[in-house]
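Engineer: What follows is a structure written as C-alpha cells; I'll ask about it next.
The values are calculated or read from the model by the stated rules, or taken from the named source; none is laboratory data. Source: prediction; values computed, not measured. All Cβ positions, glycine included, derive from the backbone under ideal geometry; neighbour counts span all protein chains shown. Ligands, DNA and RNA are stripped out before the accessible areas are found, and what is left, the full protein with its side chains, is counted by its heavy atoms. Shrake-Rupley method; radii C 1.70, N 1.55, O 1.52, S 1.80 Å.
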Amino acid sequence: MPFFIDDFFLRMIGLSIPPFDMIWLLETITDHVNDSRVKEIQQRIISEIKETRLLFELGEITKEEYAKRNSRLNHQRLMNKRVSRIHLDQRINILS
Amino acid sequence: MEKEKGKYFYCAIRCNKEKSFGKIGMNSSLVYAIPYRGIAAVVSDSPMNDYELTEDNTTRHEEVIRQVMEEHAVVPAEFGTIIKNETILRRILKKANDPTKECLKLVDNMVELGVKAILYENAVFADAKQRKDCISDILESLKAMAKQAVTGDLFSYRLILNASFLVNKEGVDAFSNEVARLQNKYSSLKFLYSGPWAPHNFVYIKIGTDGVEITKK
C-alpha cells in the first residue's frame, strides 16, 4: 500500500514524502540484490553444465551419468530463468 | 494461430548471389543466402520463437556454420538470432556492410581451434609459481603458431587453461603437433583439443535491443 501511494499518486502530483522515498529506495536496493543473485546463480549453473561436459569428454563420467546431470542442470537453469522473468514482470516501475 | 515466420540468422559470408545450402537448418529447414552488396546473410525460415540453449539446438546451429565454412569464410551470428523479416535483414546488412567485410578479411582462410588443459584428478602443482610457469609456457608455445589467441573462463578448479586460437588452415597440422608435444611434456595434464570451429571467439554478430554489434577482437 505505501508503495502504491508513493509511486502512483504522490509522485504523479509532484509530492515526495521522505519515509516513502526511503521505502522506495529500499525496494530498489532489494531489487538490485535479487537481480544479481539470480544472475550469479545462473552463472554458477552454466559453469556446472560446462564442467559436466568436461568430465564426460575426459571419460570420467559415463554417457548416462552425463545425460542425467545435464538434464537436471538444464532444468535448474530454466527454472532460474523463469524466476527472473516473473520478477521482471512484477516490477515495472514506470515513474522512476 | 500460426506464429509469424522470421529468418534464423546463422552467419554472414562474402557472396554476391542467392545460394542454397540444403535442408540442414533448425527444424530441418532450408538454409540459404540472402545477398546484399558483396556480403550475404545465411538464414533459414523459422518461427519467431526463443530457441532454448540445448545441446541439440547448439549442435544444429554449429553444424550449419561448419558446412558453410567449407566454402566460405564466415562471421558467425549469436545462437538464437531471429530477424523478423527480409526487409529488416537487408537493413541490417546495409548497416553492417563495412564492419562485416573487415571481419571477413580477418578470418579469411582461418579456423578456430580450442585447447583446454586440465589437471588429472589427484594431480597438484608444487606451488603457485610452477602453475603460473606451466600456463605461460603452454600459452606462449601455442600463440606462436596462431594469428590470435583469447582465453576463456576457468569454470572448473581443475581447468588451468581454456583458450581459443585463430589459426591459418594450412597451419592446423603444425598446431596439432605442438599440442601433442605439450601433452607429452606435461604428464599431469590432460589436453582437450577441439576444432576446427567457426571463429566465434574472434568475430561475431550480435543483434539485440541496442542494435547490431559486430565484434572483432
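Engineer: Any idea how many residues of region B:142-193 are in a strand (DSSP E or B) and either under 23 Å from B:Val124 (Cβ atoms) or not small (Gly, Ala, Ser) (or both)?
Structural biologist: Of the residues in region B:142-193, the ones in a strand (DSSP E or B) are B:148-151, B:159-168, B:189-193.
From what's left, either under 23 Å from B:Val124 (Cβ atoms) or not small (Gly, Ala, Ser) (or both): B:148, B:150-151, B:159-163, B:165-168, B:189-193.
Residues in region B:142-193 being in a strand (DSSP E or B) and either under 23 Å from B:Val124 (Cβ atoms) or not small (Gly, Ala, Ser) (or both): 17 in total.
Engineer: Answer with yes or no whether A:Glu64 is away from chain B (no Cβ under 14 Å), at pLDDT 90 or above and under 30 Å from B:Leu154 (Cβ atoms). Break it down into steps so the answer makes sense when it comes.
Structural biologist: Numbers: away from chain B (no Cβ under 14 Å): yes; at pLDDT 90 or above: yes; under 30 Å from B:Leu154 (Cβ atoms): yes.
Taking the combined requirement at face value, the residue satisfies it.
Engineer: Right, next: Taking the criterion of being modelled with pLDDT of 90 or more and either away from chain B (no Cβ under 14 Å) or over 26 Å from the mean Cα position of the chain (by Cα) (or both), would at least one residue in region A:79-88 satisfy it? Step through it out loud before you land on a result.
Structural biologist: First, the residues of region A:79-88 that are modelled with pLDDT of 90 or more: none.
No.
Engineer: Tell me, which residue of region B:146-161 that is more than 12 Å from every other protein chain (Cβ to nearest Cβ) and open to solvent by 70 Å² or more (accessible area, probe 1.4 Å) is farthest from A:Thr52 (Cα to Cα)?
Structural biologist: The selected residue is B:Lys147.
Engineer: Filter region B:95-123 for residues that are in contact (Cβ under 8 Å) with a residue 12 or more places away in the chain and over 30 Å from B:Cys15 (Cα atoms) and give the result. Reasoning before the result, please.
Structural biologist: Step one: of region B:95-123, the residues in contact (Cβ under 8 Å) with a residue 12 or more places away in the chain are B:95-97, B:99-104, B:106-121, B:123.
Within region B:95-123, B:Val115, B:Lys116, B:Ala117, B:Ile118, B:Leu119, B:Tyr120, B:Glu121, B:Ala123 meet the criteria.
Engineer: Only one of these is assigned to a strand (DSSP E or B), crowded, with 19+ Cβ neighbours inside 10 Å and out of contact with any Gly (no Cβ under 9 Å at 6 or more places or on another chain): B:Ile138, B:Ile118. Name it. Spell out the reasoning first.
Structural biologist: Numbers: B:Ile138 fails: assigned to a strand (DSSP E or B).
So the residue among B:Ile138, B:Ile118 that is assigned to a strand (DSSP E or B), crowded, with 19+ Cβ neighbours inside 10 Å and out of contact with any Gly (no Cβ under 9 Å at 6 or more places or on another chain) is B:Ile118.
Engineer: Also, quick follow-up: What number of residues within region B:194-204 are open to solvent by 30 Å² or more (accessible area, probe 1.4 Å) and either at pLDDT 95 or above or assigned to a loop (DSSP other than H, G, I, E, B) (or both)? It would help to see each step written out before you state the result.
Structural biologist: Step one: filter region B:194-204 for residues open to solvent by 30 Å² or more (accessible area, probe 1.4 Å), giving B:194-197, B:200-201, B:204.
Now drop any that are not either at pLDDT 95 or above or assigned to a loop (DSSP other than H, G, I, E, B) (or both), which leaves B:200-201.
Residues meeting the conditions: 2.
Engineer: Could you run through region B:125-135 and say how many residues are surrounded by fewer than 14 Cβ atoms within 10 Å (Cβ to Cβ) and either within 14 Å of chain A (Cβ to nearest Cβ) or closer than 13 Å to B:Tyr186 by Cβ (or both)? If you could, list the steps in order and put the result at the bottom.
Structural biologist: In the first step, residues of region B:125-135 are kept if they are surrounded by fewer than 14 Cβ atoms within 10 Å (Cβ to Cβ); the result is B:126-130, B:132-133.
Right, trim to either within 14 Å of chain A (Cβ to nearest Cβ) or closer than 13 Å to B:Tyr186 by Cβ (or both) and you get B:130, B:133.
Matching residues across region B:125-135 total 2.
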